[in-house]
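Scroll down for the structure; my scribbles are underneath it.
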Amino acid sequence: MTAATVVFLAIGAVGVALLAIALLGGEILHLGHIDADGLFSLEAVAGFLGALGFAGAVMAEVLDARTPALIVLSAAVAAVAAVIAAWLALRLTRAARNMRTDATPTRQHLIGTLGVVVTPVPAGSGYGEVRVRLGGQPVKLNARADQALPAGTQIFVVEAPTETSVVVEATPDPGRE
């Protein structure tokens, strides 16, 4: 292994360390203004250094870079790879930060959902428990009803007085009609 390879590997290791810092605590060590989204994001610098180091190490070994000319050639090829890696890192992190997501479900989204009674709901003032799907996820909620509902009863949510409680009604059983 040539000395140039060792130097390039060290540069690549610094890039990997910066990438770990960017992923684990990028908001702590940010280059420039926190809202800046330029070429000098920590992820782009990490991608640049990682690619420069590892591509340079590969080229130094392939060329057996022991002369200054071969070391410069290795560095030039590595610089091209590093610019491409930095650009890709910048684009990917920008895309991840600006990715649209669904709105956070609220209690208003509970109204109209179907579910099942998991703990019997007493008539009137007591609470039982029901399970409904909200945003594709099962959610267990406290439930009240005008009539007693045994476990396993299919229900329909008619009101959501709080984020964790609902007022329900039994849905008609198609087998009894």
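The values are calculated or read from the model by the stated rules, or taken from the named source; none is laboratory data. Predicted, not measured: the structure shown is a model, and the values here were computed from it. Here the Cβ positions follow ideal geometry from the backbone for every residue, glycine too, while neighbour counts run over all protein chains shown.
Annotations for the structure displayed:
- Selected residue [part of a helix (DSSP H, G or I), out of contact with any Leu (no Cβ under 6 Å at 6 or more places or on another chain), modelled with pLDDT of 80 or more and not charged (D, E, K, R)] from ALA82, ALA78, ALA69, ALA44: ALA69
- Residues of the stretch 86-145 that are basic (Lys, Arg), loosely packed, with under 13 Cβ neighbours inside 10 Å and over 30 Å from LEU18 (Cβ atoms): ARG133 alone.
- Cβ-Cβ contacts under 6 Å between residues 6 or more apart (or on different chains), taken from a first residue in the stretch 83-97 that is within 16 Å of GLY53 (Cα to Cα) to a second residue that is acidic (Asp, Glu), are listed as ALA89/GLU43.
- Residues of the stretch 118-148 classified as of a type in the set (A, V, I, L, M) and under 12 Å from VAL166 (Cα atoms), total: 7
- Pairing each residue of the stretch 52-81 that is assigned by TED's automatic domain parsing to the domain that holds LEU18 with any residue that is surrounded by 21 or more Cβ atoms within 10 Å (Cβ to Cβ) and not in a helix (DSSP H, G or I), provided the two are 6+ apart or on different chains, yields C-beta distances under 7 Å for ILE71/ALA65; SER74/ALA65.
- Count of the stretch 120-177 residues which are outside any strand (DSSP E or B), touching a residue at least 40 places away in the same chain (Cβ under 8 Å) and more than 34 Å from the chain's Cα centre (by Cα): 1
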